[in-house]
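Contents: one structure, followed by commentary.
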Amino acid sequence: MGLFRHEFKKIAQSPALIGFAALCLLFNMFIVLIDGGSNEYANYVARVSRETGFRLGADFDERANNLEPSEHAALLRLQTYGMTDVFDGYTTGYIAEVYIAQLGLSGMVADLTSGKYARLQYAVDARFEAGDGMTLYLAGATFWRHEMLFSVVMGALLFQGMLLAALIMLLSLGYEHSAKTEFVVYATKTGRRVNRSKFIAGVVAGLSAYAIIAAVTLVVYLTLNPMGGSWGSSVSSGFNFVRCMLGPRPFVTWHGFTVLTYLLAALGVSAGIVLCFALMAYIAGLWIRNSYIAFLILALINFAVITLPGIVFGATMPAFILALSPIWLSLQQGMWFTDGGSNILWAHFETIGVVVSLLLLSVLCVWSSARFRGRDLL
């Protein structure tokens, strides 16, 4: 435990990492303040939703009629009065047909695509039975506020968390090499087992850094852009939608999520991806003693995973499998817990991708550690 505290302290007191984290927060504040409170109507709906509730119908209409007269109140009544459930009679088979035709899918890939959207029909039916489509969210301002929070803000936080986790782990592993004390450290009784403490300290510090940056950013963002009573609204509200090659279509999640539980679930998957990048950096740091070169190679590998599959494999199984990699999952953040669109073949892709990636990377960490213990460092 003493060695862990020592390693963690070295990370926490690193001026470079503190400076980078501060820059991340400044960038996030820029994003938040540029957009903060810019949609007055969304903020109005969030505020009055505490009075009207978020379940649409006759009772909601009555409460909406009692709101203080204003332009926003009139718009809210116009958008919600007599609204029908978007999931009533909605079918998903056409989505698979268009994707198969447009992307030229065939064989197992086409079969999996058809199967996924056949399963999605059950999710649509469940959303209809639960009445999720008849919830307010933020009425006509829903899509833009949802995109800003779950794609822009959460996307920036995830990218920063991934970078910080990798940099922290590489800093922890490469500290002795940069200070030219590694041979002294490895000659001690603890020896190369010091990497266990470095690994734990790097993981804890990386996840902690992400948690702190996310907490500060989200508190500021949600203070300026409140959700009000709509936290309990379904994220699959009829006012929310997905944009893809088919145009806008309902935002269907495999399971029922409120806005709050969707945010918590997204933070959980994000933490899993951040952990994946910490493990990747640990593997790279064990094999490449120079931390700067290790980070560069790690970045190049992830860049290749993004750019090459479509060129090399096209719309075939290897490309879809690589779409479950941590870097691809981070780019798909706005579609988590939905069908995932044309790039995804499996339901619950974000969960499958994170779990499988963590298992594979854990095995590689153990193997790399074993190889490192027997490797000649000279």
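The values are calculated or read from the model by the stated rules, or taken from the named source; none is laboratory data. As the structure is a prediction and not an experimental result, all values here were calculated from the model. A quick note on method: Cβ atoms are made from the backbone with ideal geometry, for glycine too, and the neighbour counts reach across all protein chains shown.
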> Which residue out of V152, V98, V86, V109 is surrounded by fewer than 21 Cβ atoms within 10 Å (Cβ to Cβ) and under 20 Å from G247 (Cα atoms)?
Replying inline: V98
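From the list F337, F349, which one is closer than 17 Å to I95 by Cβ and touching a His at 6+ places or on another chain (Cβ under 9 Å)?
The match here is F337.
Please verify whether the range 332-340 includes one or more residues that are in contact with a Lys or Arg (Cβ under 7 Å, 6 or more places away or on another chain) and either surrounded by fewer than 14 Cβ atoms within 10 Å (Cβ to Cβ) or part of a helix (DSSP H, G or I) (or both).
Start the filter on the range 332-340 by keeping residues that are in contact with a Lys or Arg (Cβ under 7 Å, 6 or more places away or on another chain), which leaves 339.
Add one more test, that the residue is either surrounded by fewer than 14 Cβ atoms within 10 Å (Cβ to Cβ) or part of a helix (DSSP H, G or I) (or both), and what stays is none.
Checking the range 332-340: not a single residue is in contact with a Lys or Arg (Cβ under 7 Å, 6 or more places away or on another chain) and either surrounded by fewer than 14 Cβ atoms within 10 Å (Cβ to Cβ) or part of a helix (DSSP H, G or I) (or both).
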> Is there a residue in the range 48-69 that is part of a loop (DSSP other than H, G, I, E, B), acidic (D, E) and over 30 Å from F320 (Cβ atoms)?
Replying inline: yes
>> Going residue by residue through the range 120-132, is there one that turns out to be assigned to a helix (DSSP H, G or I), of a type in the set (K, R) and surrounded by fewer than 18 Cβ atoms within 10 Å (Cβ to Cβ)?
In response: no
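Quick one: in the range 306-327, which of the residues that are of a type in the set (V, I, T) and surrounded by 13 or more Cβ atoms within 10 Å (Cβ to Cβ) is modelled with the lowest pLDDT? Give the steps one after another, and end with the answer.
Of the range 306-327, the ones of a type in the set (V, I, T) are 306-307, 311-312, 316, 321, 327.
Imposing the further condition that a residue be surrounded by 13 or more Cβ atoms within 10 Å (Cβ to Cβ) reduces the set to 306, 316, 321, 327.
Working: I306: 93, T316: 89, I321: 95, I327: 97.
If we take residues in the range 306-327 being of a type in the set (V, I, T) and surrounded by 13 or more Cβ atoms within 10 Å (Cβ to Cβ), then T316 is modelled with the lowest pLDDT.
Out of curiosity, is S230 buried (at least 19 other Cβ atoms within 10 Å of the Cβ) and part of a loop (DSSP other than H, G, I, E, B)? Working first, answer last.
On the way: buried (at least 19 other Cβ atoms within 10 Å of the Cβ): yes; part of a loop (DSSP other than H, G, I, E, B): no.
No, not satisfied.
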> If you take the residues of the range 284-299 that are without any contact (Cβ under 8 Å) to a residue 60 or more places away in the chain and under 20 Å from C365 (Cβ atoms), which of them is surrounded by the most Cβ atoms within 10 Å (Cβ to Cβ)?
Replying inline: I288
> If you go through the range 180-219, how many residues are modelled with pLDDT of 85 or more and crowded, with 18+ Cβ neighbours inside 10 Å?
Replying inline: 13
> Give me the pairs: first residue in the range 320-339 and on the phi > 0 side of the Ramachandran plot, second residue in a helix (DSSP H, G or I) and of a type in the set (F, W, Y), beta-carbon distance under 9 Å, and six or more apart or on different chains, which are they?
Replying inline: F337/Y262
> Name the helices (runs of 4 or more DSSP H) wholly within the range 234-322 that hold at least 2 residues that are touching an Asp or Glu at 6+ places or on another chain (Cβ under 9 Å)?
Replying inline: 259-287
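So if I check each of V259, V219, which one is of a type outside the set (F, W, Y) and under 19 Å from E350 (Cα atoms)? First the steps, then the outcome.
Working: V219 fails: under 19 Å from E350 (Cα atoms).
Just one listed residue meets the conditions, V259.
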>> Against the condition at pLDDT 95 or above, farther than 22 Å from L300 by Cβ and not in a strand (DSSP E or B), how does L157 come out, does it pass?
In response: yes
> Has the range 69-88 got any residue that is among the hydroxyl-bearing types (S, T, Y), touching a Pro at 6+ places or on another chain (Cβ under 9 Å) and at pLDDT 90 or above?
Replying inline: no
